[in-house]
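The values are calculated or read from the model by the stated rules, or taken from the named source; none is laboratory data. Keep in mind that this is a model prediction, so the values were computed, not measured. Every residue, glycine as well, gets a Cβ built from its backbone with ideal geometry; the counts of neighbours run over all protein chains shown.
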Amino acid sequence: MNWLTIQRGPAPLLVSLPHTGTEIPDLHRRGLVSLWLARRDCDWWIERLYDFAQELGATVVRTSISRTVIDVNRDPSGVSLYPGMATTELCPTTTFDGDPLYLSGEEPDAASIAERRALYFDLYHQALAAELARLRRAHDCVVLYDCHSIRSVIPRLFEGSLPHFNIGTDDGRSADPRLVASIERICDASAFSRVTNGRFKGGYITRSFGMPDAGVHAVQMELACRSYMDEPETPISEGNWPSPYDAKRAEPMRAELRRILEACTDFATNAPSPTRTIP
């Protein structure tokens, strides 16, 4: 279980880091085109960008396993979160740009996918559920804040350049509008652009755990990478991606994210009591 990190805090805030992992165990490397390609779509440096979360009393749950091994933010049934739009699978076979991750005929089969789900996916979700239950025993309401990032320009997934802040609440179903409004105000007062429930409306974590009437409010935050790190002007390659983490470059975004997490905690502390319990 050294791939799963749980740092417990007392605040009514759970921070999830599902895509910051780069580990690809040897048993899952068979058939990969390259390790760099397999790690290319990592949410780079997000664990460092949010490393202040514990100072705020948040509980932080993180997997160090690469999303190429298994994506813990996809519906395990295989149902697409974005019907009719390009996306990647529970065990991705292509990159965001559509490049094959595996040599032809070497993609994970049903048995391998089931094994990976049992080894990683199920345990990550059990950890989230257990921590939410623990926090709900101490607080009437909690916020699950799911952290993500993605390159600003990926034509296969979206047109143009992505806004800096991309807030996802499953079209308003996973969180109270008052919480969303407080996050939006912080984003709109910053130097960064913002959209809510645009291209990214929240993945499986947000959609499966967000139950506002049971006191669990889930928000996904997808950041455009340029908001905190340098993105190459030329096509990305093994020689220029990922860009190194630069604390000075990232600081303006970190300041806004701290305000956002503080707003999440304030909301949970003062929110009305839920109408039902977690099922």
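For (1) among the hydroxyl-bearing types (Ser, Thr, Tyr); (2) surrounded by 24 or more Cβ atoms within 10 Å (Cβ to Cβ); (3) under 14 Å from the mean Cα position of the chain (by Cα); (4) more than 12 Å from Asp146 (Cβ to Cβ), each residue gets a yes or a no:
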{"position": "Ala181", "(1), (2), (3), (4)": "no, no, no, yes"}
{"position": "Phe209", "(1), (2), (3), (4)": "no, no, yes, no"}
{"position": "Asp213", "(1), (2), (3), (4)": "no, no, no, yes"}
{"position": "Ala218", "(1), (2), (3), (4)": "no, yes, yes, no"}
{"position": "Ala224", "(1), (2), (3), (4)": "no, no, yes, yes"}
request  = Go through the residues of segment 228-248 one by one and say whether even a single one is buried (at least 17 other Cβ atoms within 10 Å of the Cβ), assigned to a helix (DSSP H, G or I) and either touching a Phe, Trp or Tyr at 6+ places or on another chain (Cβ under 8 Å) or basic (Lys, Arg) (or both).
outcome  = no
request  = Could you list all residues from segment 140-153 that are of a type outside the set (D, E, K, R) and surrounded by 18 or more Cβ atoms within 10 Å (Cβ to Cβ)?
outcome  = Cys141, Val142, Val143, Leu144, Tyr145, Cys147, His148, Ser149, Ile150
request  = Only residues in segment 166-178 that are closer than 18 Å to Asp266 by Cα and among the acidic types (Asp, Glu) count as the first member; pair them with residues that are in a strand (DSSP E or B) and modelled with pLDDT of 95 or more, Cβ under 9 angstrom, at least 6 apart or cross-chain, and list the lot.
outcome  = Asp176/His217
inquiry  = For the structure I just gave you, tell me whether Ala53 is over 21 Å from Val142 (Cα atoms), within 20 Å of the chain's Cα centre (by Cα) and of a type outside the set (Val, Ile, Thr).
reply    = no
query = Could you list, in sequence order, the residues of segment 93-103 that are farther than 13 Å from Pro155 by Cα, in contact with a Pro (Cβ under 9 Å, 6 or more places away or on another chain) and not polar (S, T, N, Q)?
reply = Leu101, Tyr102
ask   = Pick from Ser66, Ser77, Ser104: which is modelled with pLDDT of 95 or more and either β-branched (Val, Ile, Thr) or surrounded by fewer than 22 Cβ atoms within 10 Å (Cβ to Cβ) (or both)?
value = Ser104
query = Within segment 128-165, restricting attention to residues that are assigned to a loop (DSSP other than H, G, I, E, B) and basic (Lys, Arg), which residue is nearest to Phe209 (Cα to Cα)?
reply = Arg151
key: Number of positions in segment 45-103 that are in contact with a strand residue (DSSP E or B) (Cβ under 9 Å, 6 or more places away or on another chain) and not in a loop (DSSP other than H, G, I, E, B)   = 15
request  = Please work out which one of (1) exposed (fewer than 15 other Cβ atoms within 10 Å of the Cβ); (2) over 17 Å from the mean Cα position of the chain (by Cα); (3) of a type in the set (Val, Ile, Thr) is the condition Ile24 fails and give its number.
outcome  = (1)
